[in-house]
Amino acid sequence: MKITRQKHAKKHLGFFRNNFGVREPYQILLDGTFCQAALRGRIQLREQLPRYLMAETQLCTTRCVLKELETLGKDLYGAKLIAQKCQVRNCPHFKNAVSGSECLLSMVEDGNPHHYFLATQDQNLSMKVKKKPGIPLMFIIQNTIVLDKPSPKTIAFVKAVESGQLVSVHEKQSIRQLKEEQGLVKDPEQRRRKKRKKVSGPNPLSCLKKKKKTQDTNSSASEKKRKRKRIRNRSTSKVLSEKQNAEGHLLFIHHEACHLQEIKVCCVY
Ligand SMILES: [Zn+2]
């Protein structure tokens, strides 16, 4: 019995590896019901799961599952202890925790990109999982762990891919990797930067050049004027300083009749 069970598992694993890019170590997301069933069946998950799947496994769960087990109280204390020993994977419900089943479903959304296995005894959850292609489903029956055969939805998806109607997630990933390696795809940030440059590039620059030409003439003229003024100021300041040195108090009488610029010069002294 055990050998046939393992043969089936090996066959299913091969199917998921070839069509969905599932790789070792297999990441198995557990919920509270699976932990409880393992406890009742006295199944040592850390020992038996790798032996059954003939591969390295990682037992994972989420914060939402742990919180749900905490709220359920003493009846599920043992299941909570099992779940607490698992690796906690980040879920999108950081602020507001949701139910364990809802959380696990969200973890395998968008084509199960992290290649999670889902291990649950929850019939509703497993029905929803089966409606999405590419998610290996595990459960415990008669005190033994079972990897479920690929769901009809999963098989239909693979057939559609083979007939060329769809592109599998695994293929999409490999295509993206090839494009990145050849430099055909760039980061979205770089794209945005380039787009901004293209939009704001030519017109403002051409406008600036024209303005610069007009500004240069104006500025050169104004600079000349300024220079002349400065020369006058210097001359007045020189006169003032000479007068200050020579006449002392008489300098202030002169200042009341001065222009503003000359007054500023006077303030220095
Ligand atoms: Zn969550």
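One table, with the values for the structure above:
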| quantity | calculated |
| --- | --- |
| Stretch gain in nm, segment Arg40-His114, where the contour uses 0.36 nm per residue and the Cα spacing is subtracted | 23.7 nm |
| Viscosity 1.306 mPa s, 10 °C: Kirkwood-radius Stokes-Einstein D of the range 52-114 over Cα pairs, µm²/s | 125 µm²/s |
| Spin-label pair Ser206/Lys85, simplified geometry with 7 Å Cα→Cβ offset, distance in nm | 7.3 nm |
| FRET efficiency, Gln48 to Lys179 (Cβ-Cβ, R0 45 Å, nearest 0.05) | 0.60 |
| Environment charge of Gln27, counting only residues whose C-beta is closer than 12 Å and scoring Lys/Arg +1, Asp/Glu -1 | 0 |
| Net charge of neighbours whose Cβ lies under 13 Å from the Cβ of Ala55, counting Lys and Arg as +1 and Asp and Glu as -1 | +2 |
| Selection of chymotrypsin sites (Phe, Trp or Tyr not before Pro), the range 60-163, meeting DSSP coil and at most 14 other Cβ within 10 Å | Phe94 |
| Residues Cys86, Cys103, sorted so that the one with the fewest Cβ neighbours within 10 Å comes first | Cys86, Cys103 |
| Residues Leu184, Leu45, sorted so that the one with the fewest Cβ neighbours within 10 Å comes first | Leu184, Leu45 |
| GluC sites (Glu not before Pro) restricted to DSSP loop in the range 1-79 with at most 16 other C-beta within 10 Å | Glu56 |
| Cβ-based exposure ranking for Lys159, Lys130, in which fewest neighbours within 10 Å come first | Lys159, Lys130 |
| DSSP beta bridges in the range 5-150 [antiparallel fraction, %, rounded to 5] | 25 percent |
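No value in this document is a laboratory result; all are computed from the given coordinates. This is a predicted model, so every value here is computed, not measured. For neighbour counting, all protein chains shown are included, and Cβ atoms are generated from backbone atoms with ideal geometry for every residue, glycine included.
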